[in-house]
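Right, one structure below, let's go through it.
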Amino acid sequence: MILATGLPEERAEAPPDDSERASSSSRDRGPTGPEDPASLEWSVNPWRERPGLSALALGFALVLCVAVASLGQGLILTVALSLASIASLSPALSPALCRVDQSGLGRRGPFGWSRRAWAEVRRVAFGRSGVLVSPFSRPHWLDPYRALVLPLPSADRSRLEAGLRLLFTTHGL
């Protein structure tokens, strides 16, 4: 699902910050000019985009859970390690909601929002499956840990990519 110019359908799940409260009051008045640019919001379901990869990730998660259970540790440790194994594979298993707006960029997954303000973004790289948003100006060895990946759906990707490029250029990226 791709929504252009608007706020999330579910306001209760949006990330709580002051800029969101300020934009909710401007929502009632409509666009006010250059300080209220278009925002983009879309969702990506990995089971629809790449079902083979999602099935492989699920199988790998089950194998990890069996391996952890075979260690013979206590129930609490076994459950905690199994959940950590599944959580590490969650980008391939669970849908993501992505949003790019005036306050920054964000991705909501199974564990909540991961947001980056525009001041934190130094580099944007479009890839095969999404957009990498990094706090480093050049490729860095910490990118896998500090960068945010916004997956792009294959349906209507070109229109969404054009909108993102426009938003990135308005913010000097």
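Every number here is computed from the coordinates shown, using simple stated rules; none is lab data. Predicted model, so just to flag it, every value in this text is computed and none were measured. Here Cβ is always computed from backbone atoms with ideal geometry, including for glycine, and neighbour counts include all displayed protein chains.
Once you order the gyration tensor axes a ≥ b ≥ c over the Cα atoms, which shape class does region 93-138 get: rounded for a/c under 1.5, otherwise prolate or oblate by comparing a/b with b/c? Oblate. Residues 54, 43 in ascending order of nearby Cβ atoms (within 10 Å, fewest first): 43, 54.
By the count of other C-beta atoms within 10 Å, a proxy for reagent exposure, 98, 65 are ordered fewest to most as 65, 98.
Contour minus end-to-end for residue 62 and residue 120, with contour as 0.36 nm per residue of separation and end-to-end as the Cα-Cα distance? Present the calculation step by step, with values, prior to reporting the outcome.
Working: separation 58, 0.36 × 58 = 20.88 nm, distance 3.65 nm.
Full-extension gain reported as 17.2 nm.
The orientation-averaged shadow of the Cα convex hull for region 51-90, equal to a quarter of the hull surface, comes to 2.4 nm².
May I ask you to compute the full-extension gain from residue 165 to residue 70, defined as 0.36 nm times their residue separation minus their alpha-carbon distance, rounded to one decimal in nm? Please report the intermediate quantities before stating the final value.
Details: separation 95, 0.36 × 95 = 34.20 nm, distance 4.87 nm.
Computed gain between residue 165 and residue 70 is 29.3 nm.
Over all directions, how big on average is the projection of the convex hull of the alpha-carbon atoms in region 55-151, in square nanometres? So the Cα hull casts an average projection of 7.6 nm².
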